[in-house]
1. Which of the residues spanning the stretch A:447-483 are away from every other protein chain (no Cβ under 11 Å), in contact with a strand residue (DSSP E or B) (Cβ under 9 Å, 6 or more places away or on another chain) and either part of a loop (DSSP other than H, G, I, E, B) or buried (at least 16 other Cβ atoms within 10 Å of the Cβ) (or both)?
2. I need the full set of residues from the stretch B:23-49 which are of a type in the set (Ser, Thr, Tyr) and crowded, with 24+ Cβ neighbours inside 10 Å, in order please.
3. Out of A:VAL104, A:VAL54, A:VAL99, I need the residue that is β-branched (Val, Ile, Thr), more than 20 Å from A:THR187 (Cα to Cα) and at pLDDT 95 or above. Which one?
4. Sort out which residues of the stretch A:220-277 are among the charged types (D, E, K, R), over 30 Å from A:ARG193 (Cα atoms) and surrounded by 24 or more Cβ atoms within 10 Å (Cβ to Cβ), and write them in order of number.
5. Evaluate the stretch A:347-368: report whether one residue or more is in contact with a Lys or Arg (Cβ under 9 Å, 6 or more places away or on another chain), more than 14 Å from every other protein chain (Cβ to nearest Cβ), farther than 25 Å from A:ILE234 by Cβ and not acidic (Asp, Glu).
6. Checking the conditions here, which among B:THR40, B:THR29 is within 11 Å of another protein chain (Cβ to nearest Cβ) and more than 22 Å from B:HIS120 (Cβ to Cβ)?
7. Applying the selection to the stretch A:295-335, what residues are assigned to a helix (DSSP H, G or I), of a type outside the set (Lys, Arg), away from chain B (no Cβ under 14 Å) and over 14 Å from A:LEU376 (Cβ atoms)?
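The values are calculated or read from the model by the stated rules, or taken from the named source; none is laboratory data. Not measured: the values here are computed from a predicted model. We place every Cβ from the backbone using ideal geometry, glycine too, and count neighbours over all the protein chains shown.
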Amino acid sequence: MTDHRISLPAAELSQEVHIAIGANTWRELQATLWAKGPHEACCFLLTRPSRGMVRTTVLLREVLWPEPGEVIATPRRLEISANYLSRAMDAAIDAGPMVGLCLVHTHPKSEEFGEGAGLFSSRDDWYEQRLFPTVTLSREGAISASVVIGSRGDVDARVWWRDNNRAAAQPVHGMRIVGPELRILETPASPWRDHPDPAVMDRSTRLWGEEGRRRLQNIRIGVAGAGGTGSLTILALATMGTGHLLVWDKDVARKENRHRTAGMTVDCVGHPKVIAMRAMAQSFATAEPFTIDVIEDWATTSEGLTRLKDCDLVFCCVDKLSARAPLNDLAYAHLIPTIDMASWMHPDRNLQIDALMTHAHVWSPGIPCAWCRETLTSYNLTREAQGVQQGIENRIPYGLTLDQTDGVEPSVLPLNMLGVSLGLMEFMQIALRITTRTPRDLKFFLPEWELDESDRPVRNGCDCVLMAGRGDTWAISPVSMDS
Amino acid sequence: MHKPSELLAQAVSDLSARSGHQFEISPETVSGTNLFVVHTLAHEYRQEYTVPSGGLGFRVPFNFADAAPEDCFFITAAGTKLKVPDTVRNSSDLHRVGVTEGFVAGSALGNVPVLVFSWHLWNRLPWDRKKHTLFDHYTHCIRRFERPEHD
């Protein structure tokens, strides 16, 4: 029988298009849909957009399961009732602006037809061309989507949106399953390529396999901050075979930075830090091709936060709490796992360390966020904003003077290196899944010489649960680090 | 140098609308800090004070509402005393306040000393960045005018 494919109304929403979904939702979805085998099965989910500079991601969140009788299924086809569609549309409208619908369905294995391919069939095309104009034309600003899952776990997907006054479609390049780890399922439209000479990273490949190598070669990692921890992170990522880096920092290199910053030669002093980072990364990179975009600005400006949405994973290497607030929210709202690293040390009067801490904390659905962990509190942020007048409200009314300090704390390379190493171990787990469990916040303390994992759970009612996967519908306030 | 964000400007506008007092925000942050001054020029004080009314305000971080308003407030009449000495403390000084210079530098008030009130405004109910407003903070502040002058 000839397969008469119809051509869908193609257009380009973005240079790159992804779908992302929380790992728990994905597991629930798979378990329920495959239980219907050998029949096909489907459901609608609510979608929200996450629009970056070059990539648009459609985030899938609430599942709207069909009621009995709303879907008629056989091993080869599905019939969705008008009631189910109408109920799903109502749910999208009730959820607010920019919320659309995603139709997920399976192609199961059957005795008659064998394995089900994760590819859209001509019948799928025909059906969607009838369905999605109804869904998209009435939901301006929303981006809808369709996903088909094959019996071997392979997927194909596309997005649908209102382009002027018609419905348009674009193939999806990848599907991210997030929380706490990051899995990326390639679709037939995936532009990913393997390293042309994999032998150069043979020893690493023995740990994370060819799949891990391919993932490293193709994922895009953002590094917010190119100082003590940022520079070491960039050096390591380039060396490990990461293919694409985006680096932000507005600072200019000073001579005082050199003793604790990787790649900072004498010639770099007086120039933007990110220029030195680009030169260093290009010298050490083992990925091929390797790209690094450096941005002489803070990652937490409005433009920076938009561009961070192009990343699959982010390293938070900023030195202020205020910058951590938007980066933490971005990790959860846009399903972009983020590794936060920070160091702090305090010498006593005899210049002996009486307290030291370095930590690496994963921000990703399923892991308590910085607000749960109380790294971020509104009180801490206010205290930081008080600058040279820190604690004034507790002192002035009692006639006490302010402590005189320039606010500059000690910082040394080995401590930063330790924090970055903890972060990189977490990175291998999140991106390459080298073991079975992702840790929460890892902290190293002196004078105890102790490495500890936080046992704090997700705080009841915390925003990190409410905002997970809400994308652009969740307001994140930019922060400029200019002072 | 930070400028007030749209969100912060809107929060001050909402505060004015809800409080009935015309609040304004300083165009830049107080020197050495990332705090803006939010104040109104004519606000009634406590009846027991020697000065019946004057300026009242507080300071708000540039990254409001992630960061809470500072846990204190000020009045501009820095010489304000109690009309009748507090019998518990045997003093005409206001309780837990201090005259502070440089607290409102950069605001329309000029670099004048102000009387800063320590008041644990948010110790029982923590600031919720997605829920609380400057009006909530303001109502906490003026509760001070309704409480005893001593602990």
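1. First pass over the stretch A:447-483, keeping only residues away from every other protein chain (no Cβ under 11 Å): A:447-460, A:464-465, A:468-473.
Imposing the further condition that a residue be in contact with a strand residue (DSSP E or B) (Cβ under 9 Å, 6 or more places away or on another chain) reduces the set to A:447, A:450-454, A:456, A:464, A:468-473.
Across the stretch A:447-483, the qualifying residues are A:PRO447, A:SER454, A:ARG456, A:CYS464, A:ALA468, A:GLY469, A:ARG470, A:GLY471, A:ASP472, A:THR473.
2. Taking the stretch B:23-49 as the starting set, the residues that turn out to be of a type in the set (Ser, Thr, Tyr) are B:26, B:29, B:31, B:33, B:40, B:45, B:49.
Scanning the stretch B:23-49 gives B:THR29, B:THR33.
3. Working: A:VAL104 fails: more than 20 Å from A:THR187 (Cα to Cα); A:VAL54 fails: more than 20 Å from A:THR187 (Cα to Cα).
Matching residue, one of A:VAL104, A:VAL54, A:VAL99: A:VAL99.
4. Start the filter on the stretch A:220-277 by keeping residues that are among the charged types (D, E, K, R), which leaves A:220, A:249-251, A:254-256, A:258, A:260, A:267, A:273.
Filter once more, so that each one left must be over 30 Å from A:ARG193 (Cα atoms): A:250-251, A:254-256, A:258, A:260, A:267, A:273.
Scanning the stretch A:220-277 gives a single hit, A:LYS273.
5. Yes, there is a match, as at least one residue in the stretch A:347-368 is in contact with a Lys or Arg (Cβ under 9 Å, 6 or more places away or on another chain), more than 14 Å from every other protein chain (Cβ to nearest Cβ), farther than 25 Å from A:ILE234 by Cβ and not acidic (Asp, Glu).
6. On the way: B:THR40 fails: within 11 Å of another protein chain (Cβ to nearest Cβ).
Residue meeting the stated conditions: B:THR29.
7. Taking the stretch A:295-335 as the starting set, the residues that turn out to be assigned to a helix (DSSP H, G or I) are A:302-308, A:321-333.
Those still in the list that are of a type outside the set (Lys, Arg) too: A:302-306, A:308, A:321-323, A:325-333.
Those still in the list that are away from chain B (no Cβ under 14 Å) too: A:303-304, A:306, A:308, A:331.
A:GLU303, A:GLY304, A:THR306, A:LEU308 - these are the residues of the stretch A:295-335 that are assigned to a helix (DSSP H, G or I), of a type outside the set (Lys, Arg), away from chain B (no Cβ under 14 Å) and over 14 Å from A:LEU376 (Cβ atoms).
Listed here are the residues, each with its yes/no results for (1) within 26 Å of A:GLY52 (Cβ to Cβ); (2) touching a strand residue (DSSP E or B) at 6+ places or on another chain (Cβ under 7 Å); (3) in contact (Cβ under 8 Å) with a residue 40 or more places away in the chain.
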position	(1), (2), (3)
A:VAL99	yes, yes, yes
A:PRO108	no, no, yes
A:ALA117	no, yes, no
A:SER122	no, no, yes
A:VAL148	yes, yes, yes
A:ASP156	yes, yes, no
A:ALA169	yes, yes, yes
A:ARG176	yes, yes, yes
